[in-house]
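Quick notes on the structure that follows.
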Amino acid sequence: MHEGSRKAIVAAFFANLGIAVAKFVGFLITRSAGLLAESGHSLADTGNQGLLMLGSKRGRRPADAAHPFGYGPERYFWAFVVALVLFSMGGLFAIYEGIDKLRHPHAIDNAAVAYLILAIAIVLESMSLRTAVRESRAVKPAGQSWWGFIRHSKIPELPVVLLEDVSAELGLIAALGGLTLAEVTGNPRWDAGGSIVIGILLVVVAIVLAIEMKGLLIGEAAADDIQSAIVASLTDSPDVNSLIHLRTMHLSPETLLVAAKIDFDHGFDAAHIAAAIDAAEVRLRQAVPSATTVYIEPDIMRSAAGRDG
């Protein structure tokens, strides 16, 4: 795992653990539906950080006979599980609690305690979000938007932590708004409404995460700039007539599978072709160190229709 990912996960884990405990204690004192929904949210987030750390540990296992390409995809799998946990334990729980409190409203017992806990939670979440932003900025390509980073990053942990922290901040604002409206109007249903808003927010974030992690889990190609570097390295030799086709797939954020068919000089015998393939692999790994698994097949360019044959 990238060191920045580890720092972001650890910061989020301890922040969410402390926040979950504080929010639940606050719920016991105030009976605020928003605080209960937020405690469930923070508890889910705490478990999610644990799942991300588990995925990192399992993904570092070396390749074996059963998994010859290694266990790197486990990081994508556990990130996908995080999306499911956020959807069910976080989003659906908050919506259920909000609807229940709408049907059976309960006055908030001690709003001052709720405000204090929400303020503490906002501070801790802001610190966690600051860490996630700082570590993500270190690996985010210059000029790329944050949404583009979340959509296209091959590192699953940082987008997950970023979205979790942003949704947590927005959820806290929703809880604070619901609590304030309940106090001002004397109608506790506003607090329940805040819980429902939190739940809907978490469901939306979970769906976005699930979609992005699914793409990584089933196998995504290298980014365009990486593919361009691969093409340049493979064709940068007088021994190569043309690149017939190229296939890439991320085995993990840091490891890439590359398969290519190359049309070499037709005058080469078997020994010369073998040497040309070795030289092409050396150039490729120098240009793209993450290309850890490389398969190059010599072939002859026949026609445009037969390029992928």
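Odds and ends about this structure:
- Taking residues in segment 265-285 that are over 15 Å from residue 236 (Cα atoms), and partners anywhere that are surrounded by fewer than 18 Cβ atoms within 10 Å (Cβ to Cβ) and among the polar types (S, T, N, Q), the pairs with Cβ atoms closer than 8 Å and at least 6 places apart or on different chains are 266/241.
- Selected residue (only one of 275, 182 is assigned by TED's automatic domain parsing to the domain that holds residue 119 and either of a type in the set (A, V, I, L, M) or over 31 Å from the mean Cα position of the chain (by Cα) (or both)): 182
- Test: residue 258 is free of Cβ contacts under 8 Å to residues at least 24 places away in the same chain, in contact with a strand residue (DSSP E or B) (Cβ under 7 Å, 6 or more places away or on another chain) and of a type outside the set (Gly, Ala, Ser): no
- Within segment 172-189, considering residues that are in contact (Cβ under 8 Å) with a residue 40 or more places away in the chain and small (Gly, Ala, Ser), the one surrounded by the fewest Cβ atoms within 10 Å (Cβ to Cβ): 174
Conditions (1) touching a helix residue (DSSP H, G or I) at 6+ places or on another chain (Cβ under 8 Å); (2) among the polar types (S, T, N, Q); (3) over 30 Å from residue 217 (Cβ atoms), marked per residue:
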| residue | (1), (2), (3) |
| --- | --- |
| 236 | yes, no, yes |
| 239 | yes, no, yes |
| 244 | no, no, no |
| 247 | no, no, no |
| 251 | no, no, no |
| 278 | no, no, yes |
| 281 | no, no, no |
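- One residue from 213, 301, 249 being without any contact (Cβ under 8 Å) to a residue 60 or more places away in the chain and out of contact with any Lys or Arg (no Cβ under 7 Å at 6 or more places or on another chain): 249
- All of 71, 115, 96, 76 fail the test of being touching a helix residue (DSSP H, G or I) at 6+ places or on another chain (Cβ under 8 Å), within 15 Å of residue 179 (Cα to Cα), in the same structural domain as residue 14 (by TED's automatic domain parsing) and of a type in the set (Ser, Thr, Tyr), apart from 115.
- One residue stands out in segment 256-309 among those that are assigned to a strand (DSSP E or B) and among the acidic types (Asp, Glu): the one that is modelled with the lowest pLDDT, namely 299.
- Residue pairs meeting the criteria (Cβ under 6 Å; at least 6 apart or on separate chains; first without any contact (Cβ under 8 Å) to a residue 12 or more places away in the chain, in segment 152-171; second surrounded by 21 or more Cβ atoms within 10 Å (Cβ to Cβ) and part of a helix (DSSP H, G or I)): none
- Residue 99 passes every criterion in (1) free of Cβ contacts under 8 Å to residues at least 60 places away in the same chain; (2) β-branched (Val, Ile, Thr); (3) farther than 22 Å from residue 157 by Cα apart from (1).
- Out of 56, 32, one residue alone is at pLDDT below 80 and in the same structural domain as residue 168 (by TED's automatic domain parsing). It is 32.
- Annotation for segment 237-250: no member residue is surrounded by 15 or more Cβ atoms within 10 Å (Cβ to Cβ) and assigned to a helix (DSSP H, G or I).
Per-residue answers, yes or no, for (1) in contact with a helix residue (DSSP H, G or I) (Cβ under 7 Å, 6 or more places away or on another chain); (2) under 21 Å from residue 181 (Cα atoms); (3) not aliphatic (A, V, I, L, M):
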{"residue": "6", "(1), (2), (3)": "no, no, yes"}
{"residue": "12", "(1), (2), (3)": "yes, no, no"}
{"residue": "18", "(1), (2), (3)": "yes, no, yes"}
{"residue": "23", "(1), (2), (3)": "yes, yes, yes"}
{"residue": "45", "(1), (2), (3)": "yes, no, yes"}
{"residue": "57", "(1), (2), (3)": "no, no, yes"}
{"residue": "61", "(1), (2), (3)": "no, no, yes"}
{"residue": "86", "(1), (2), (3)": "yes, no, no"}
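- Per-region count, segment 219-258, residues closer than 27 Å to residue 157 by Cα and not polar (S, T, N, Q): 19
- Segment 27-49, subset of a type in the set (Gly, Ala, Ser) and farther than 12 Å from residue 194 by Cβ, residue surrounded by the fewest Cβ atoms within 10 Å (Cβ to Cβ): 47
The values are calculated or read from the model by the stated rules, or taken from the named source; none is laboratory data. Treat the numbers as computed from the prediction; the structure is a model and nothing was measured. Positions of Cβ are backbone-derived with ideal geometry, glycine not excepted, and every protein chain shown enters the neighbour counts.
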